[in-house]
Amino acid sequence: MSRYIFVTGGVVSSLGKGVSAASLGALLQSHGFSVHVRKFDPYLNVDPGTMSPLQHGEVYVTNDGFETDLDLGYYERFLGVKLTRNDSVSGGRIYWDVLNAERHGDYLGATVQMIPHVTNKIKEYIGRPTNTDFVICEIGGTVGDIEGKVFLESIRQFANDIGRKNVMFSHLTLAPFLEQSGELKTKPTQMSVRSLLENGIQADILFVRSPRMLTDEERAKIGMFCNLPAKNVITSMNVDNIYKIPLVYDAQNVFDIMMEHFGITPPDGDVSKFQKIEKYLDADLPTCTIGMVGKYFDVPDAYKSLNEALFHAGIQNNVHVKIKKINAEHFSSTDCKDVDGILIPGGFGNRGVEGKIAAAGYAREYNIPFMGICLGMQVAVIEFMRNVVGVKDANSTEFSDKCTPVINIMSDCDTGNMGGTLRLGVYPCNILPNTLAERVYGKTNISERHRHRYEVDIKYKDMLEKNGMIISGISPDGKLPEMIEIPSHKFFIASQFHPEFQSNPFDGHPIFNAFIAASMKK
Ligand code: GLN
């Protein structure tokens with residue numbers, strides 16, 4: 001049976017529960033334990049797929065094509081685990097299941113209630129077997145939120161069901177620093193722990209976000225008010241990079257505290273994987289500037305996985321990657337004067353699309369390393385059709401209904417819709433031998449994650465290829481172009497899929513690694 005760690009948060013939102021959960025997992029993994037992670041979001045959306053990136057940051061996509069909260073991205077990147085639709089569960093989905101069961105008559109005439117019907121449903125998702133030593137469950141939101149109550153009740157019951165010694169409650173709070181009095185205040189933490197207790201949950205370990213290390217006196221004081229040994233009060237120091245968090249925890253013996261809690265003799269292990277990243281971060285290295293031509297720049301997390309993938313590729317290439325945000329809506333070629341490479345990310349809707357097309361053209365003409373992702377590939381094809389092949393009205397039917405539709409919805413192909421109308425999740429792709437794509441991946445069979453509705457129409461393959469843009473990756477049925485490149489260009493590659501969802505800080509991702517390497521050469 002797996003042991004469980006529940007991660008909750010209090011005082012304020014956005015303290016980094018996802019990174020905290022992932023870091024606990026990293027400590028366990030680095031000592032040889034297997035780990036699975038799940039996220040429970042109390043809000044009422046049935047899944048995060050319809051939520052604007054401007055509200056919750058990017059929509060992350062799992063292998064099985066589920067659109068999830070971006071915290072799943074942290075879990076996958078930190079831990080290398082592959083998560084599924086059952087690992088990102090919202091309140092809306094729980095109620096949806098319960099109400100459907102009610103309509104279906106499954107409750108046999110019983111009065112359907114928060115307890116036990118909703119709580120049982122939540123516990124069912126928590127308890128789905130994983131075959132791992134540990135399951136870490138993060139509960140989204142902040143303790144005290146109305147919609148979170150039933151989730152707290154469920155984890156309380158769950159601990160009681162499987163035995164309290166098999167469960168650890170980890171709670172993340174904030175200790176604000178008051179400039180005027182020069183004091184770090186512990187009261188909000190005490191209140192937050194008390195609020196958890198009102199739900200029948202005693203925190204076993206506390207992570208206190210703070211601008212400086214808590215003193216021993218402060219830890220003892222918090223411990224005294226919160227029923228904890230002082231050593232279980234951990235400072236979650238503000239750091240400049242999230243991959244330093246496992247090290248911050250390690251330095252405060254968090255692994256040993258977990259082992260002591262569960263009654264396990266601590267096995268050997270080390271956090272050298274993260275120490276290597278720390279060393280890279282603190283090293284004095286050259287900078288490589290990537291111009292990212294996009295439009296969701298108002299929210300820091302809207303391009304989360306992409307920023308991560310570029311960072312990871314920097315680690316692999318021993319260079320610090322600087323991202324220059326270029327707003328596609330007012331693109332001008334002077335924006336690209338000081339960049340080493342141009343990247344066009346995914347996107348939806350008309351806004352900014354002509355700027356992206358112009359940026360792809362600039363990269364092509366001036367031989368600047370180029371990488372296009374999803375919409376980024378589509379605009380590269382449109383640009384090439386217009387300006388090299390000479391089909392002036394080439395466009396996507398997403399943006400114009402009076403055009404030569406080089407990008408279109410391919411309704412006669414098995415795009416594997418998962419309920420909505422997007423092609424979602426992992427699909428295989430065959431790579432043509434002797435292409436840049438093959439050199440980049442070092443193999444000809446890959447599988448990558450998708451999130452899009454439109455495709456490059458294979459009908460234009462010959463026209464593109466005769467003029468110098470080749471389709472170097474294609475779906476196994478030969479119908480859906482997955483990658484394109486321009487062999488005469490220094491480095492011009494684009495994919496219909498989103499490689500950023502499978503990048504991690506320890507290996508990077510082949511396309512990003514090669515893109516940064518090419519950009520450094522420029
Ligand atoms: N809007 C485009 C499509 O639906 C691209 C989507 C994306 O970039 N993720 O095909």
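The values are calculated or read from the model by the stated rules, or taken from the named source; none is laboratory data. Since the model is a prediction, treat every value here as computed from it, not as a measurement. With ideal geometry, Cβ positions are generated from the backbone for all residues, glycine too; neighbour counts draw on all protein chains shown. Calculation scope for accessible area: heavy atoms of the full protein, side chains included, ligands and nucleic acids excluded. Shrake-Rupley method; radii C 1.70, N 1.55, O 1.52, S 1.80 Å.
Per residue, the chain exposes an accessible area of 41 Å² to a 1.4 Å probe, with every protein chain left in place.
Please report the projected area of the stretch 34-101's Cα convex hull averaged over all directions, in nm².
On the way: hull surface 19.6 nm².
Result: a mean projected hull area of 4.9 nm².
Alpha carbon centre of the stretch 272-303 versus the stretch 377-401: separation in Å? After rounding, the separation between the Cα centres reads 32 Å.
Given a Förster distance of 60 angstrom, what is the FRET efficiency for residue 177 paired with residue 421, based on the Cβ-Cβ distance and rounded to 0.05?
My answer for the efficiency is 0.80.
The shape of the stretch 356-396 comes out oblate: with a ≥ b ≥ c from the C-alpha gyration tensor, a/c is at least 1.5 while a/b does not beat b/c. Below 10 angstrom from the Cβ of residue 386, what's the summed charge of the other residues (Lys, Arg +1; Asp, Glu -1)? Its environment carries a net charge of -1.
Between residue 477 and residue 275, what length comes free when the chain is fully extended (0.36 nm per residue of separation minus the Cα-Cα distance, one decimal in nm)? It would help to have the intermediate numbers written out before the result.
Details: separation 202, 0.36 × 202 = 72.72 nm, distance 4.43 nm.
Full extension of this stretch gives 68.3 nm more.
First compute the accessible area of the chain with a 1.4 Å probe, then give the percent of it belonging to carbon and sulfur atoms.
Details: 10620 of 21200 Å².
Exposed carbon and sulfur together represent 50 percent of the surface.
Each helix, a run of at least 4 DSSP H residues, gives -39500 (n - 2.57); summed and divided by the residues of the chain, these come to -10000 deg cm²/dmol at 222 nm.
Projected label points at residue 145 and residue 230, each 7 Å from Cα along the beta carbon direction, are separated by 3.4 nanometres.
Multiplying the residue separation of residue 467 and residue 52 by 0.36 nm and removing their Cα-Cα distance gives an extension gain of 145.6 nm. Across all Cα atoms of the stretch 466-522, the radius of gyration (one decimal) and Dmax (whole number) stand at 12.9, 40 Å.
When the Cα positions of 483, 446, 508 are compared along the charge dipole of the stretch 406-522, 508 comes out farthest toward the positive end, with charges on each C-beta of Lys, Arg, Asp and Glu.
Consider all pairwise Cα distances in the stretch 334-468 and report the whole-number % of them above 21 Å. Intermediate results must be reported in sequence, preceding the final value.
Working: 4186 of 9045 pairs.
Result: 46 percent of Cα pairs exceed 21 Å.
Taking N as the number of residues in the stretch 136-200, what value does Rg over Cα atoms divided by 2.2 N^0.38 Å take?
Details: Rg = 14.4 Å, N = 65, 2.2 N^0.38 = 10.7 Å.
In units of the globular-protein estimate, the stretch 136-200 measures up at 1.34.
Quarter the surface of the alpha carbon convex hull of the chain and you get the mean projected area, 26.6 square nanometres. Per the Debye formula on identical point scatterers at the alpha carbon atoms of the stretch 130-260, with no solvent, log10 I(q)/I(0) at q = 0.19, 0.20 Å⁻¹ is -1.21, -1.32.
Once the piece of chain linking residue 112 and residue 253 is laid out straight, how much longer is it, given 0.36 nm per residue of separation minus the C-alpha distance between them?
Numbers: separation 141, 0.36 × 141 = 50.76 nm, distance 4.50 nm.
Gain in length upon complete extension: 46.3 nm.
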